[in-house]
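Please read the structure below before turning to the comments.
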């Protein structure tokens with residue numbers, strides 16, 4: 001009823017937006033087709049939500065690379081996370097354990113096989129590029145998914161700027177090591193620092209994003225503040241958080257989860273419904289906040305048209 | 001009313017609290033009172049909670065005998081069947097979350113899961129064990145099976161072990177919780193082994209077995 005009112009009274013003034021958004025998601029997801037039809041035409045302006053963090057200036061919206069699916073609520077995206085530096089599993093742990101996290105004067109080092117190795121203050125690192133909003137599907141290897149309105153700069157911009165040498169074949173990313181800010185780094189839960197990698201052509205793909213924001217605001221700590229990788233056609237663990245170093249290398253890096261369990265997690269980690277995780281099926285996913293894992297997982301998380309050509313001739317079963 | 005009857009009623013009510021909490025959470029989400037009542041991943045949360053309580057009631061029921069021996073409070077044995085049945089109750093809810101939330105009732109998906117994924121295989125075996133134990137938990141079975149009943153119900157130890165393995169199998173990296181369950185179970189089963197060994201030594205020496213030992 002609230003939603004049908006004409007635009008003189010904004011529905012957000014009646015009910016907190018995060019609440020009624022969640023209700024619709026819930027009904028659509030759970031009650032199958034019963035109510036969904038009536039809501040199908042609804043669309044909400046992204047950016048009306050947020051968590052009270054500083055807003056990002058000059059954010060370019062309306063990217064053709066964005067999905068038209070409705071993003072999950074801010075609350076969802078920021079209270080259901082995997083961030084092993086803060087907590088050993090998916091859920092509210094990272095949010096609770098990151099309350100005192102301060103990014104401070106964040107620096108990023110770019111080195112290895114590049115013409116211009118350097119260390120940048122985050123703001124200088126971002127300055128030459130235009131901040132863009134990108135609404136992407138996010139598919140976790142644990143078979144749940146969300147729609148997330150990220151804000152960031154194309155990774156390609158950075159790669160081109162630092163001029164990789166002819167020997168550079170991969171980019172290796174490192175998360176900050178600081179047990180005073182990342183409590184789980186005091187344990188040996190995972191080998192620290194968390195490391196991820198992309199092939200150079202993957203890093204140059206227009207979809208690959210270095211995200212610094214969410215819902216038009218600065219990225220909250222639990223989502224990888226102040227800067228993280230977003231590669232929407234790959235499983236979420238490829239999206240390394242709180243990046244302090246990008247090293248251009250000749251050899252394929254050994255990413256953390258591959259090191260941890262090589263039979264379960266590979267280097268490529270492309271979303272692939274045909275290749276199951278040893279402990280669960282990847283054919284279907286749970287589009288949160290639905291109770292049901294009944295959404296069919298799409299090849300390359302639905303980005304096959306854009307990225308499939310990166311992998312022609314490769315055995316994706318072997319290179320999982 | 002007898003003291004044990006009062007206790008039974010209290011324990012029964014307390015054992016329903018976790019299920020009631022989930023039901024209240026579901027009500028809150030469904031009617032929009034609190035959309036985060038069951039977290040952003042409600043299906044997973046309900047699966048985790050019911051699984052945890054299955055293990056909890058299994059271990060609680062396995063601690064009845066040790067408590068009885070250590071405290072000489074014999075009446076506590078009258079709570080054991082109910083506690084075991086609650087393990088079956090939560091185990092059944094847990095198994096149903098897999099049927100409904102994860103596999104949407106699809107028999108093909110479920111068969112695939114049981115065959116391909118060891119942690120589901122073990123989980124299902126645990127549930128079947130609990131099912132057999134629940135089915136034979138009545139007086140009729142006890143009378144009918146006689147001495148075999150006790151041997152059969154030692155399967156509760158196996159269910160405990162399989163339950164902990166099942167938990168361990170599904171963890172990605174942080175084994176803290178399954179370690180704790182394994183430690184608790186090791187104490188409960190270790191005590192029984194210790195007592196059995198002592199009893200055997202006692203019998204070898206020509207003594208008589210304690211009436212309480214079982």
Item checked: Of the criteria (1) closer than 16 Å to residue B:123 by Cα; (2) out of contact with any helix residue (DSSP H, G or I) (no Cβ under 6 Å at 6 or more places or on another chain); (3) more than 11 Å from every other protein chain (Cβ to nearest Cβ), which one residue B:48 fails -> (3)
Margin query: Residues to consider are B:101, B:35; find the one that is surrounded by 15 or more Cβ atoms within 10 Å (Cβ to Cβ), touching a helix residue (DSSP H, G or I) at 6+ places or on another chain (Cβ under 7 Å) and outside any helix (DSSP H, G or I).
Written below: B:35
Note to self: I need the full set of residues from segment B:68-98 which are part of a helix (DSSP H, G or I) and more than 24 Å from residue B:49 (Cβ to Cβ), in order please.
What the structure shows: B:68, B:69, B:70, B:71, B:74, B:75, B:76, B:77, B:78
Check: How many residues are surrounded by 15 or more Cβ atoms within 10 Å (Cβ to Cβ) and touching a helix residue (DSSP H, G or I) at 6+ places or on another chain (Cβ under 7 Å) when one looks only at segment A:107-152?
Finding: 11
Item checked: Failed item in (1) closer than 20 Å to residue A:289 by Cα; (2) out of contact with any strand residue (DSSP E or B) (no Cβ under 8 Å at 6 or more places or on another chain), with residue B:12 passing the rest -> (1)
Margin query: Quick check on this structure: which one of B:128, B:189, B:185 is buried (at least 19 other Cβ atoms within 10 Å of the Cβ) and in a helix (DSSP H, G or I)?
Written below: B:185
Next item on the list: Please verify whether segment B:55-76 includes one or more residues that are modelled with pLDDT of 95 or more, over 30 Å from residue B:195 (Cβ atoms) and buried (at least 21 other Cβ atoms within 10 Å of the Cβ).
Entry: no
Check: Does at least one position in segment B:21-31 carry a residue that is assigned to a loop (DSSP other than H, G, I, E, B), within 14 Å of chain A (Cβ to nearest Cβ) and surrounded by fewer than 17 Cβ atoms within 10 Å (Cβ to Cβ)?
Finding: yes
Checklist line | Within segment A:270-289, tally of residues that are more than 8 Å from chain B (Cβ to nearest Cβ), over 30 Å from residue A:188 (Cβ atoms) and assigned to a loop (DSSP other than H, G, I, E, B) | finding: 4
Next item on the list: Working only within segment A:86-101, note down all residues that are within 12 Å of another protein chain (Cβ to nearest Cβ) and over 18 Å from the mean Cα position of the chain (by Cα).
Entry: A:88
Check: Only one residue in A:248, A:267, A:292, A:237 is more than 14 Å from chain B (Cβ to nearest Cβ) and either modelled with pLDDT under 95 or closer than 23 Å to residue B:170 by Cα (or both), so which one is that?
Finding: A:267
Check: If you check every pair at least six apart or on different chains, which have Cβ atoms under 7 Å apart with a residue in segment B:95-120 that is more than 10 Å from chain A (Cβ to nearest Cβ) and at pLDDT 95 or above first and a residue that is surrounded by fewer than 16 Cβ atoms within 10 Å (Cβ to Cβ) and assigned to a loop (DSSP other than H, G, I, E, B) second?
Finding: B:99/B:105
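The values are calculated or read from the model by the stated rules, or taken from the named source; none is laboratory data. The structure displayed is predicted, hence computed values, not measured ones. Neighbour counts are summed over all protein chains in view; Cβ atoms, including those assigned to glycine, are modelled from backbone coordinates with ideal geometry.
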